[in-house]
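J.: Below you will find the structure I want to go over with you.
The values are calculated or read from the model by the stated rules, or taken from the named source; none is laboratory data. Computed from a predicted structure; not experimentally measured. Please note: Cβ atoms are built from the backbone with ideal geometry, for glycine as well, and neighbour counts cover all protein chains shown.
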Amino acid sequence: MAGADQVDLVIAVDDPRADDVRALLECHLAFAREVTPPGHVHALDADGLMDPAITLFSARRVGVLLGVGALSRLDEAHAELKSMHTSEAARGLGVGRAMVDHILAFAAERNYTRVSLETGAMAAFAPARSLYSKLGFVPCEPFGDYTGNRHSVCMTIDLSRGRGSRRRAAARSRSRGPARES
């Protein structure tokens, strides 16, 4: 995408039933099923993302869907990062990082003190694990309904340590308008 870094990336709540969102979620599920053994795919489809405890976000540039991510409420202080997926054409452009930053700011605004995630342990998930580590996530014990197994890696981030800075970043983002990539 020529000049892509000069065009705003808009991250907003979206409907998992929208045609383009549903199509990207289907790609996400196909990828997960291709590289993960049966019984260990924890990705949600569009219907699963309709749960009222889940907020789905999309990342768009000039209206084109580039990525999705979701936040699922586990309890009053703990949420889960779910359904992170960037379209193949947009990989390496900072969409995933911008999405995680946005979701963490959203979580902090809602007073969550911890956000956790589960991702695959296979090589195909290494870029995701690397991104999460760079953003401050650390390995943790399985949470929620996850179990310890060789196919999954659970990670978490403590938002209480960076709460003030995340809230300030979220407020700046709202005052500037659409999210921007760095």
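J.: Go through region 38-94 residue by residue and tally those that are out of contact with any strand residue (DSSP E or B) (no Cβ under 7 Å at 6 or more places or on another chain), assigned to a helix (DSSP H, G or I), farther than 15 Å from ASP15 by Cα and of a type in the set (A, V, I, L, M).
T.: Within region 38-94, residues that are out of contact with any strand residue (DSSP E or B) (no Cβ under 7 Å at 6 or more places or on another chain), assigned to a helix (DSSP H, G or I), farther than 15 Å from ASP15 by Cα and of a type in the set (A, V, I, L, M) number 1.
J.: Of all residues in region 85-124, how many are at pLDDT below 95, surrounded by fewer than 19 Cβ atoms within 10 Å (Cβ to Cβ) and under 21 Å from VAL153 (Cα atoms)?
T.: Summing the residues that are at pLDDT below 95, surrounded by fewer than 19 Cβ atoms within 10 Å (Cβ to Cβ) and under 21 Å from VAL153 (Cα atoms) in region 85-124 gives 4.
J.: For ALA77, are the conditions met, namely being hydrophobic (A, V, I, L, M, F, W, C), surrounded by fewer than 16 Cβ atoms within 10 Å (Cβ to Cβ) and modelled with pLDDT under 90?
T.: Criteria not met by ALA77.
J.: Being among the basic types (Lys, Arg), surrounded by 14 or more Cβ atoms within 10 Å (Cβ to Cβ) and either assigned to a helix (DSSP H, G or I) or at pLDDT 95 or above (or both) is the requirement here; does ARG17 meet it?
T.: no
J.: Ok, one more. Please find, among SER133, SER165, the residue that is part of a helix (DSSP H, G or I) and at pLDDT below 95.
T.: Residue meeting the stated conditions: SER165.
J.: On to the next question. Does ILE54 meet the test of being of a type in the set (A, V, I, L, M), farther than 15 Å from ALA128 by Cβ, surrounded by 12 or more Cβ atoms within 10 Å (Cβ to Cβ) and touching a Phe, Trp or Tyr at 6+ places or on another chain (Cβ under 8 Å)?
T.: So ILE54 does not fit the description; no.
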